[in-house]
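Peer 1: My questions all concern the structure below.
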Amino acid sequence: RLAIALVASLWLFPTAHAAERRIALVIGNSAYKQAPLANPGNDARAVAQALRDGGFTVIERRNVNQIAMRRVIREFGDEIAKGGVGVFFYAGHGMQVRGRNYLIPVGHDIDREDEVAEQSVDVALVLEKMATAKNALNILILDACRNNPFASSFRSTAGGLAPMDAPPGTLVAFSTAPGQVAADGTGEHSTYTKHLLSYMSEPGLRVEDVFKRVRTAVRQESGGKQTPWENTSLETDFYFRTADRSVIVAQEQER
């Protein structure tokens, strides 16, 4: 019986990520002419390394323009279409216009609100790549709700990002609640990414538990001013870092 139980445990809870294809795209935009940011480059570099440590093959870009962003998102879409788990992480300026969310590239020439769609990257493009890939699981993480660089001239533009539905098998994570603004941070990383790095590197935490703990830590540090938010349609468990089998078995027994 012990042997049978051990075999079952080996099948249900693999020790590593070797059998699971893991692909990530990490982008950090800091070097804006208007409203430069201190931390997205650092955030992207650290998240990319944390994902590599977790078994991901990482495509990493910093301070990229619109053409380069679109090109690398296409590359990412092609890779996740081959199967496995996909993670997209973006740090930098982001904004909503008429209910759609846009990632702001470096080197833009946006002067009016009606130019945002033309010169930015719609987050829907990333979600469409994930939906059409039909791979096992996808996670989209946006630390992009920082101060609006166009706030003084785009008076009709709402703050923060708009809520988005998650396609089947996808988790969408925002660094703060819809319509709210996140802190860039006073240290090496943004408030959100600092705690994300801490918990995504902790073995044996289900992805939902990672983001729950990040939310608690960010809300406490910000005195309630920033509350991370997620929308998920995941149907299976995922771990950024797998733990000893006994830890995972104990977690499953507690559920």
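Peer 1: Count the net charge of all other residues whose Cβ sits under 12 Å from the Cβ of Arg62, scoring Lys and Arg as +1 and Asp and Glu as -1.
Peer 2: It works out to a net charge of 0.
Peer 1: So, one more: Ser198 to Asn65: extension gain in nm, 0.36 nm per residue of separation minus the Cα-Cα distance?
Peer 2: Full extension of this stretch gives 44.9 nm more.
Peer 1: Semi-axes of segment 176-232's equivalent ellipsoid from the Cα gyration tensor, sqrt of 5 times each eigenvalue, largest first, rounded to whole Å?
Peer 2: In descending order the semi-axes read 18, 14, 9 Å.
Peer 1: Among Thr242, Thr236, what's the order by accessible area (1.4 angstrom probe), most exposed first?
Peer 2: From most exposed to least exposed: Thr236, Thr242.
Peer 1: If you don't mind, another one. If each residue of separation counts as 0.36 nm, what is the full-extension length gain between Thr132 and Lys212 once their alpha-carbon separation is subtracted?
Peer 2: 26.0 nm
Peer 1: Let me ask another. In the calculated pair distance distribution of segment 23-92, what percentage of Cα-Cα distances lie above 19 Å?
Peer 2: Tail of the P(r) past 19 Å holds 33 percent of the pairs.
Peer 1: Summing +1 for each Lys or Arg and -1 for each Asp or Glu, what net charge is found among the other residues whose Cβ lies under 13 Å from the Cβ of Pro178?
Peer 2: Once positives and negatives cancel, what remains is -1.
Peer 1: Highest first, please rank the peptides 199-210, 26-37 by the mean number of other Cβ atoms sitting within 10 Å of their residues.
Peer 2: Descending mean neighbour count gives 26-37, 199-210.
Peer 1: Project the alpha carbons of segment 26-142 onto their principal axes and report the range along each, largest first, in whole Å.
Peer 2: If we take the Cα atoms of segment 26-142, the spans are 40, 29, 21 Å.
Peer 1: Quickly rank 87-99, 67-79 as a protection proxy: mean count of other C-beta atoms within 10 Å, highest first.
Peer 2: In descending order of packing, they fall as 87-99, 67-79.
Peer 1: Working only with C-alpha atoms, what are the Rg and Dmax values of segment 63-112, expressed in angstrom?
Peer 2: Spelled out, the Cα radius of gyration and Dmax of segment 63-112 are 13.0, 40 Å.
Peer 1: Convex hull over the alpha-carbon atoms of segment 88-141: what's its volume per residue in Å³?
Peer 2: Hull volume normalised by residue count: 85 Å³.
The values are calculated or read from the model by the stated rules, or taken from the named source; none is laboratory data. Keep in mind the model is a prediction, meaning the values are calculated, not measured. Backbone-built Cβ (ideal geometry, glycine too); neighbour counts: all protein chains shown. Accessible surface areas use protein heavy atoms only, side chains included; no ligands, DNA or RNA. Shrake-Rupley method; radii C 1.70, N 1.55, O 1.52, S 1.80 Å.
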